[in-house]
Amino acid sequence: MRKINTRFGRFAAAAAAALTAGSLTACQSAVPQNKLTPVTLNEVAHSIFYAPQYAAIELGYFKEEGINLTLVNGGGADKVMTALVSGEADIGFMGSEASIYTYANGAEDYAVNFAQLTQRAGNFLVGREPDDSFTWDKLIGKKVLGGRAGGMPEMVFEFILKKNGIDPKADLSIDQSINFGLTAAAFTNSDAEYTVEFEPFATGLELEGNGYVVASLGTDSGYVPYTAYSARKSYMEKNPELIQHFTNAIQKGLDYVNSHTAEEIAETIHPQFEETPVENITIIVDRYKAQDTWKGDTVFEKSSFDLLQNILEEAGELPERVPYEELVTTRYSEAAKRQ
């Protein structure tokens, strides 16, 4: 039996809170509605960062693959993993660090990653003033609104700081007390000089005149396996064809965003973000395309998994490395890219 690391227990708890369902709109499919297989997908956040997934929904790719998708916004990787482990969700979409924590905690029916979507961090550093000559040493002595300890946004942020010779604990103050998705609102009335934000919050602060993007964490961290799809080992063993069809749909979504303009993508995914003007979505999508955010295929390579574990180790969140072969399968991704 594998050694259990109790420090990761928070990721093995049973599901407790009800999660907010996201809306779905999709094109009609040749597969009759009553023949579609229901799948509940719990996502870490509802963000334009995940444009290929929403393109797959809006263009009907899941229905083409025989899937009736229900999308749920989990509001954080820990909550998504809780829903997945409890069986409340069939597939989870989150940072793969959560699957590592769950495995390290000794879960028998652990989550296996089967498709990677993003290869860059999706958040940006926002300051009080425009700064075209920003360098990371300007954060020394400053207060920054950061992310949850052990989560990818915060760990990538600290990874960048260390790459630039900055001690995250000694050289600046990082406020990690604010819940996911609420930092932009808090920044407006905070005494912090900087905040780390996903979209559309980064662009929202700019449009309101309350902040300005000064750096891209995705650009400065390099290629990182930021988010991936996973399912419990038992679910994958029982539903291999379904996992393949799901991966096929995501691959089609990647093909679409990698072959269309920011304007076209924005129009396609706008129903998922009805409160955000199309022109704002276009700005955000263009920003993500410019930094090569989305993979060309969904293959989660070993080198990427090793880099992820390096980041976890540097953050002090992984005392013992876990095997790639247990937590990642490329079977479905390799087949999807040949379709």
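Quick note: the coordinates plus some simple rules give every number you see, no bench work behind them. Model, not experiment: these values are computed from the prediction. Note that each Cβ is placed from the backbone with ideal geometry, even for glycine, and that neighbours are counted across all protein chains shown.
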Computed magnitude of the charge dipole of the range 115-158 (debye, nearest 20; Cβ of K, R +1, Cβ of D, E -1): 160 debye
Contact order normalised by residue count of the chain, Cα under 8 Å, 6+ apart, percent: 25 percent
Per-selection Rg to Rh, the range 124-221 - Cα, Kirkwood hydrodynamic radius: 0.91
Residue-averaged 222 nm ellipticity for the chain, from DSSP H runs of 4+ at -39500 (n - 2.57), nearest 500: -10500 deg cm²/dmol
Dipole magnitude of the chain about its Cα centre (Cβ charges: Lys, Arg +1; Asp, Glu -1), debye to nearest 20: 1020 debye
Where GluC sites (Glu not before Pro) in DSSP loops with at most 12 other Cβ within 10 Å are excluded, longest remaining stretch of the chain: 109-273
Loop trypsin sites (Lys or Arg not before Pro), the range 135-219 (other Cβ atoms within 10 Å of the site Cβ: 11 or fewer; DSSP): 169
Within straight-line cross-link reach of residue 142, lysines at Cα separation under 17 Å, skipping those fewer than 8 residues along the same chain: 162, 169
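Can you tell me the dipole magnitude for the range 179-234 around its Cα centre, using point charges on the Cβ only (Lys, Arg +1; Asp, Glu -1), in Debye to the nearest 20?
540 debye
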Cβ-based charge dipole, the chain, positive-most Cα from 56, 172, 271: 56
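Among 99, 47, rank each residue by its count of other Cβ atoms within 10 Å, from fewest to most, as a rough exposure measure. Mind dumping the intermediate values first?
Details: 99 26, 47 23.
The fewest-first ordering by Cβ neighbours comes to 47, 99.
Give me the Å³ per residue figure for the convex hull around the C-alpha atoms of the chain. Spell out each step's value before the answer.
Values: hull volume 44.1 nm³, N = 339.
It comes to 130 Å³ per residue, whole-number rounded.
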